[in-house]
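The values are calculated or read from the model by the stated rules, or taken from the named source; none is laboratory data. All figures in this text were calculated on a predicted structure; none of them were measured in a lab. Methodologically, a virtual Cβ is constructed for each residue, glycine included, from the backbone with ideal geometry; neighbour enumeration extends over all protein chains shown. Heavy atoms of the whole protein, side chains included, go into the accessibility calculation; ligands, DNA and RNA do not. Shrake-Rupley method; radii C 1.70, N 1.55, O 1.52, S 1.80 Å.
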Amino acid sequence: MRLVLTTFKFLVAIVLLGILGFSGWLIFSPPDGMLSASAFAAKMVCSNVFIAKRDADAVIGSDVALALPRIVSRLKIRVDAANQRVEVAFRGLFAKRYAQYEEGRGCTLVSKDAAPYGAAPPSLPEKSDALWPAGERAQLSDDKALLAALNDPTLQGPGMRAIVVVQNGRIVGETYGEGFNASTPLQGWSMTKTVNAALAGMAIKDGKLSLDQKNLFPQWAGDARADISVADLMAMTSGLKWSEDGDSPDPDGLENLAKDAAAFARDRPLVAPPGTKFNYSGGSSVLLARLWQNAVGADARAYPQQRLFKPLGMTSAVLESDPSGTFLGEGFLFANAHDWARFGEFLRLNGEWNGEQFLPMGFVDYMRSPVPASDKGHGPVYGRGQLWLGPGQGFTLPADTFMLQGHLRQVIAIIPSRKLVILRMGLTREDIGYSTAKLLYAIVAARRSNS
């Protein structure tokens, strides 16, 4: 009996030591997947609570739950409203990550005791009640076909948050999902890439950057990567190894684990000669952001507001950055639907706004010019300025249609020949068969007689 009791105590001690050892490992060296999930939740909740002013429980129950359905219930998420900070940990103990809000900067992943950043970028003035785009007032059409398209739940798609239709420079139709309105900042995800490309274009117009510039980073000196040009990064033909697959560690490392996203992307190996192979890459967008920031220099932090957002009246726009200060130009611009539509109209007008040319002449045409290597069977799908080409994707829309597109079915379709800009934003799973195509077709058909 004594031997049995001794053996039992020994086994219990082994189990307890194992539990303590496993817990210690999770505390001091948690796996990357766990850290990435905590970071994603911290960043998502922080941005949506402090930028978009949304309810934290609603964000956790929708945005976080959609991305992390199997583990959201195991996350302890604490919102510190007084210090504008979010803490997330598995079971409240493991893989703790923090996100801090700063006025004008949005939310950044930080360490536990991170000091505040320096001065925030200058704030943008409030808009008047003038007609959009000078103000916020919409001149809505009573066209029955348009109203039918805007109010059709099947066309809107599950999780729709905003639809805005602009024609001839005026908002003619809009509708919003429950809990959202024209003032709610929304994450554009990969639509941010096109905005980032436009900022690079402004640096080019300012004479600080050029499309054919090579030898982009000192770390590429004496390396085949030295032959990568700014144009290659814009066109997603850098040749750097990258995967946007959700099961790949690359995107997670870039956005949730890397303290320096540009360094993470910069250190990818070359797998194809620059300019020869199309590979959609958030890393290329971050590298492009780092390049125009380096070129602009000390004024880079305020550059998006001063050169783009303020002139266009995009007063809600916040472009977030990583802990090193590199703008996350691959997917982290928040702006309300009216402001996203302003950017779409800006591209329709070839980079001109209120009579002033903000992008180099012909630059939007360059952005829309096809990348031959992106041909997937219908013609090239991608343009040289980090945007999508309608015909190459099989859209039966006017041939000049080009698009900003983002994760979870964000889209801004720009159709110059019809003087149309159509925006649809939401939280819509991409594995349920919903496409924005039918919505776009219905709106274009409704506005054909008004072009």
Scanning region 31-49 residue by residue, those crowded, with 23+ Cβ neighbours inside 10 Å and out of contact with any helix residue (DSSP H, G or I) (no Cβ under 6 Å at 6 or more places or on another chain) turn out to be 37, 38, 42, 43, 46, 47
Does residue 311 count as outside any helix (DSSP H, G or I), open to solvent by 30 Å² or more (accessible area, probe 1.4 Å) and under 21 Å from residue 292 (Cα atoms)?
no
Just to be sure I understand, how many residues within region 343-397 are of a type in the set (S, T, N, Q) and assigned to a strand (DSSP E or B)?
1
Residue under question is residue 403, and the condition is that it be outside any loop (DSSP other than H, G, I, E, B) and either on the phi < 0 side of the Ramachandran plot or not charged (D, E, K, R) (or both); does it hold?
yes
Picking from 9, 76, which residue would you name as being modelled with pLDDT of 95 or more, open to solvent by 20 Å² or more (accessible area, probe 1.4 Å) and either in a helix (DSSP H, G or I) or farther than 27 Å from residue 336 by Cβ (or both)?
76
Please work out if residue 364 is crowded, with 20+ Cβ neighbours inside 10 Å, within 24 Å of the chain's Cα centre (by Cα) and either more than 21 Å from residue 331 (Cβ to Cβ) or not assigned by the TED database to the domain that holds residue 308 (or both).
yes
Checking the conditions here, which among 257, 287 is open to solvent by 20 Å² or more (accessible area, probe 1.4 Å), within 22 Å of residue 39 (Cα to Cα) and either of a type in the set (Asp, Glu) or touching a residue at least 60 places away in the same chain (Cβ under 8 Å) (or both)?
257
Evaluate region 273-281: report whether one residue or more is crowded, with 19+ Cβ neighbours inside 10 Å and not in a loop (DSSP other than H, G, I, E, B).
no
Within region 284-297, residues more than 16 Å from the chain's Cα centre (by Cα) and either modelled with pLDDT under 95 or β-branched (Val, Ile, Thr) (or both) come out as 296
In region 219-242, anything open to solvent by 50 Å² or more (accessible area, probe 1.4 Å) and either aromatic (Phe, Trp, Tyr) or more than 24 Å from the chain's Cα centre (by Cα) (or both) is listed as 219, 221, 222, 223, 224, 227
Scanning region 200-214 for residues that are farther than 18 Å from residue 386 by Cα and surrounded by 14 or more Cβ atoms within 10 Å (Cβ to Cβ) gives 206, 208, 214
With (1) without any contact (Cβ under 8 Å) to a residue 60 or more places away in the chain; (2) among the hydrophobic types (A, V, I, L, M, F, W, C); (3) in contact with a Gly (Cβ under 9 Å, 6 or more places away or on another chain); (4) open to solvent by 10 Å² or more (accessible area, probe 1.4 Å) as the list, and residue 300 as the residue in question, which single condition is left unmet?
(4)
Can you tell me which residue within region 406-435, out of those that are under 21 Å from residue 370 (Cβ atoms) and not in a strand (DSSP E or B), is nearest to the chain's Cα centre (by Cα)?
416
Are there any pairs with C-beta distances below 9 angstrom linking a residue in region 364-384 that is at positive phi to a residue that is surrounded by 14 or more Cβ atoms within 10 Å (Cβ to Cβ) and of a type in the set (A, V, I, L, M, F, W, C), with the two at least 6 apart or on different chains, and if so which?
379/389
Pairs where the first residue, in region 198-225, is closer than 22 Å to residue 345 by Cα and the second is of a type in the set (Phe, Trp, Tyr), C-beta under 7 Å, 6+ apart:
199/292; 199/303; 200/292; 201/363; 202/358; 203/292
Is region 56-63 home to any residue that is more than 20 Å from residue 178 (Cβ to Cβ) and either of a type outside the set (Lys, Arg) or in contact (Cβ under 8 Å) with a residue 60 or more places away in the chain (or both)?
no
Can you tell me how many residues within region 314-344 are within 24 Å of residue 169 (Cα to Cα) and surrounded by fewer than 21 Cβ atoms within 10 Å (Cβ to Cβ)?
1
Looking at region 169-182, I want the residues that are within 20 Å of residue 415 (Cα to Cα) and have a partner that is outside any strand (DSSP E or B) and among the β-branched types (Val, Ile, Thr) with Cβ atoms under 9 Å, at least 6 apart or on another chain. Which pairs are those?
173/443
Among 385, 329, 355, 362, the single one that is touching a Ser or Thr at 6+ places or on another chain (Cβ under 8 Å), at pLDDT 95 or above and under 21 Å from residue 416 (Cβ atoms) is 385
